[in-house]
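The values are calculated or read from the model by the stated rules, or taken from the named source; none is laboratory data. Here the structure is a predicted model, which is why all the values come from computation and not from measurement. Neighbour counts run over all protein chains shown; Cβ positions are idealised from the backbone, glycine included.
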Ligand code: 5GP
Ligand code: ZN
């Protein structure tokens, strides 16, 4: 656990939360500022600031746990769709520096937009990006 990390305290049960799922490695809780009904956060019990720091053994379990929670929300809330969102760094909208995966149930006309504005780069620009990532 990290000192003064609110999600460490919530994940490990020191601060009460509305828990919809728990196991040895994770706690899934209702978000206090939900985008939609049932907006859930999956918190690892071990502290990691973000994806870069997430231990692989926790990462390996994350999608199966998310799948289980997603199925629960779909069944119980009959949502029409669902978004997974995971923010890393202030520039990406991360406000709590303890890794968390958002599971956001979606409903017809729920008024939320979890989208981006597509750009239209030229082929050369895409090639330059590919070189930047893959080049030596
Ligand atoms: P981020 O922007 O870091 O990806 O998301 C942080 C999320 O945590 C926000 O959706 C916010 O509403 C939620 N949140 C912040 N503090 C608390 C808290 O104490 N309890 C719960 N359940 N959610 C919180
Ligand atoms: Zn923490």
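Scanning region 39-57 for any residue that is closer than 11 Å to residue 104 by Cα, away from ligand 2 (no atom under 16 Å from the Cβ), at pLDDT 95 or above and not in a helix (DSSP H, G or I) turns up at least one such residue.
Taken over region 27-46, the criterion of being surrounded by 16 or more Cβ atoms within 10 Å (Cβ to Cβ) and within 12 Å of residue 103 (Cβ to Cβ) is satisfied by 28, 29, 31, 35, 36, 38, 39, 40, 41, 42, 43.
Right, residue 35: away from ligand 2 (no atom under 12 Å from the Cβ) and either closer than 22 Å to residue 81 by Cβ or assigned to a loop (DSSP other than H, G, I, E, B) (or both) or not? Answer is yes for this residue. Report whether or not residue 32 is touching a strand residue (DSSP E or B) at 6+ places or on another chain (Cβ under 8 Å), closer than 17 Å to residue 5 by Cβ and near ligand 1 (Cβ under 10 Å from one of its atoms). So residue 32 does not fit the description; no.
Total residues in region 8-24 satisfying the condition of being without any contact (Cβ under 8 Å) to a residue 40 or more places away in the chain, within 14 Å of ligand 2 (Cβ to nearest atom) and either surrounded by fewer than 14 Cβ atoms within 10 Å (Cβ to Cβ) or more than 29 Å from residue 111 (Cβ to Cβ) (or both): the figure is 5.
For residue 108, work out the one condition from (1) over 11 Å from the mean Cα position of the chain (by Cα); (2) assigned to a loop (DSSP other than H, G, I, E, B); (3) closer than 15 Å to residue 41 by Cβ it doesn't fulfil. In the conditions (1) over 11 Å from the mean Cα position of the chain (by Cα); (2) assigned to a loop (DSSP other than H, G, I, E, B); (3) closer than 15 Å to residue 41 by Cβ, residue 108 misses (3) alone.
Of all residues in region 78-105, those satisfying the criterion of being assigned to a loop (DSSP other than H, G, I, E, B) and in contact with a helix residue (DSSP H, G or I) (Cβ under 8 Å, 6 or more places away or on another chain) are 79, 86, 88, 96, 98, 99, 100.
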